[in-house]
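The values are calculated or read from the model by the stated rules, or taken from the named source; none is laboratory data. The structure displayed is predicted, hence computed values, not measured ones. Every residue, glycine as well, gets a Cβ built from its backbone with ideal geometry; the counts of neighbours run over all protein chains shown. Each accessible area value is taken on the protein alone, full model and side chains, heavy atoms only, with ligands, DNA and RNA left out. Shrake-Rupley method; radii C 1.70, N 1.55, O 1.52, S 1.80 Å.
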Amino acid sequence: VKLILIIIAIIIILIFAIYTNHRINLKKEAEFLSPLGEIVQVDGNNMSVYTEGDSETTLVFMSGGGTCSPILDFKSLYSCLSDEYRIAVVEKFGYGFSDVVDKNRDIDSILEDTRAALTAAGLNAPYVLCPHSMSGLEALYWAQKYPDEISAIIGLDMAVPQYYESMKINMPLMRVASCAAGIGVTRLIPGISESDAITNGTLTNTEKEIYRAVFYSRTATVTMINECESVKTNAKKVQDMGAPQVPMLLFIS
């Protein structure tokens with residue numbers, strides 16, 4: 001019994017030390033967390049929308065599930081396009097500089113949040129959607145539900161509904177990961193914040209520091225977890241509505 005109590009005490013002390021270190025680092029990183037785009041109000045919460053360029057054609061970049069900093073993640077790509085197109089990156093709730101909210105992430109809620117954010121930022125349809133991974137569901141649903149708002153979809157390795165039919169999602173493990181990220185366990189994993197955008201992209205050194213700061217405050221947020229919990233239901237709803245009748249170009253890695 002004494003040995004068990006000692007082990008429990010050591011674990012508690014270790015968790016406290018990890019959490020304290022995490023909080024100290026979050027305070028240091030706060031200087032890098034000034035929003036890169038515009039903050040708009042959606043459903044009483046803050047959403048981040050980044051725009052660049054002034055063309056009549058708007059490309060809307062939509063991030064994959066769990067991408068901590070969509071604005072910086074896509075930057076190496078859209079910076080090559082903003083001379084000819086207007087760029088818009090909407091950071092969903094729980095991502096980037098948007099609020100973390102514990103709300104339902106059914107496909108209708110996700111889509112209406114995105115549409116409201118773009119409208120609040122002064123952008124008007126029609127849009128060319130550029131979804132990555134999980135956002136492929138939202139893009140397809142958007143074109144199904146509001147066909148007049150979408151002129152085309154350019155899929156950046158985007159997911160389609162059938163992908164989720166056989167996909168196994170371990171929600172208990174994901175919730176443990178979310179808890180671990182909140183405590184600061186992720187800081188113990190070497191190189192975990194070094195995304196492809198940092199290692200292979202065109203970000204400046206300051207932008208890399210911003211990316212890392214966002215990573216540690218937006219890893220496996222409760223909003224992201226709720227999104228994953230709803231993804232199979234969302235995929236089924238999108239699949240039942242059939243393929244939208246808009247031009248599509250899919251890039252698949």
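The condition of being open to solvent by 40 Å² or more (accessible area, probe 1.4 Å), in contact (Cβ under 8 Å) with a residue 12 or more places away in the chain and touching a strand residue (DSSP E or B) at 6+ places or on another chain (Cβ under 9 Å) holds for only one of Ile169, Ile252, that being Ile252. Among the residues making up the range 61-80, those that are out of contact with any helix residue (DSSP H, G or I) (no Cβ under 7 Å at 6 or more places or on another chain), surrounded by 17 or more Cβ atoms within 10 Å (Cβ to Cβ) and among the hydrophobic types (A, V, I, L, M, F, W, C) are Ile71, Phe74, Leu77.
Results for (1) under 19 Å from Glu91 (Cβ atoms); (2) open to solvent by 60 Å² or more (accessible area, probe 1.4 Å); (3) modelled with pLDDT of 95 or more; (4) in a strand (DSSP E or B), shown as yes or no for each residue.
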residue	(1), (2), (3), (4)
Thr114	yes, no, yes, no
Gln144	no, no, yes, no
Ala152	no, no, yes, yes
Tyr163	no, yes, no, no
Ala177	no, no, no, no
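Within the range 117-129, residues that are assigned to a loop (DSSP other than H, G, I, E, B) sit with their Cβ atoms under 6 Å from residues that are surrounded by fewer than 18 Cβ atoms within 10 Å (Cβ to Cβ), at 6+ positions apart or across chains, in these pairs: Ala121/Glu38; Ala125/Glu149; Pro126/Glu149; Pro126/Ser151. Residues in the range 88-109: is at least one of a type in the set (Ser, Thr, Tyr), in contact (Cβ under 8 Å) with a residue 24 or more places away in the chain and within 21 Å of Ala143 (Cβ to Cβ)? Looking through the range 88-109, none of the residues is of a type in the set (Ser, Thr, Tyr), in contact (Cβ under 8 Å) with a residue 24 or more places away in the chain and within 21 Å of Ala143 (Cβ to Cβ).
Taking the options Lys208, Lys236, name whichever one is more than 22 Å from Cys68 (Cα to Cα) and surrounded by 13 or more Cβ atoms within 10 Å (Cβ to Cβ). Before you say what the answer is, go through the steps one by one.
Working: Lys208 fails: more than 22 Å from Cys68 (Cα to Cα).
Unique residue meeting the criteria: Lys236.
For the range 87-112, the candidate set comprises residues that are part of a loop (DSSP other than H, G, I, E, B), in contact with a helix residue (DSSP H, G or I) (Cβ under 7 Å, 6 or more places away or on another chain) and among the small types (Gly, Ala, Ser); within that set, the residue that is surrounded by the most Cβ atoms within 10 Å (Cβ to Cβ) is Gly96. With respect to the conditions (1) over 21 Å from the mean Cα position of the chain (by Cα); (2) under 23 Å from Ile198 (Cα atoms); (3) loosely packed, with under 15 Cβ neighbours inside 10 Å, Glu84 falls short on a single one, namely (2). Looking across Ser63, Ser76, Ser69, one residue alone is in contact (Cβ under 8 Å) with a residue 40 or more places away in the chain, among the polar types (S, T, N, Q), under 29 Å from Ile192 (Cα atoms) and touching a Pro at 6+ places or on another chain (Cβ under 9 Å). It is Ser63.
Restricting the range 201-219 to residues that are among the aliphatic types (A, V, I, L, M) and within 20 Å of Tyr78 (Cα to Cα) leaves a set whose member that is nearest to the chain's Cα centre (by Cα) is Val214.
For the range 1-56, filtered to residues that are assigned to a loop (DSSP other than H, G, I, E, B), in contact with a strand residue (DSSP E or B) (Cβ under 8 Å, 6 or more places away or on another chain) and open to solvent by less than 80 Å² (accessible area, probe 1.4 Å), the residue that is nearest to Ser98 (Cα to Cα) is Pro35.
With respect to the stated conditions, Ser135 is among the polar types (S, T, N, Q), open to solvent by less than 60 Å² (accessible area, probe 1.4 Å) and either out of contact with any Leu (no Cβ under 8 Å at 6 or more places or on another chain) or in contact (Cβ under 8 Å) with a residue 24 or more places away in the chain (or both).
The listed residues are Leu140, Leu203, Leu188, and the only one of them that is surrounded by 19 or more Cβ atoms within 10 Å (Cβ to Cβ) and farther than 17 Å from Leu111 by Cβ turns out to be Leu203.
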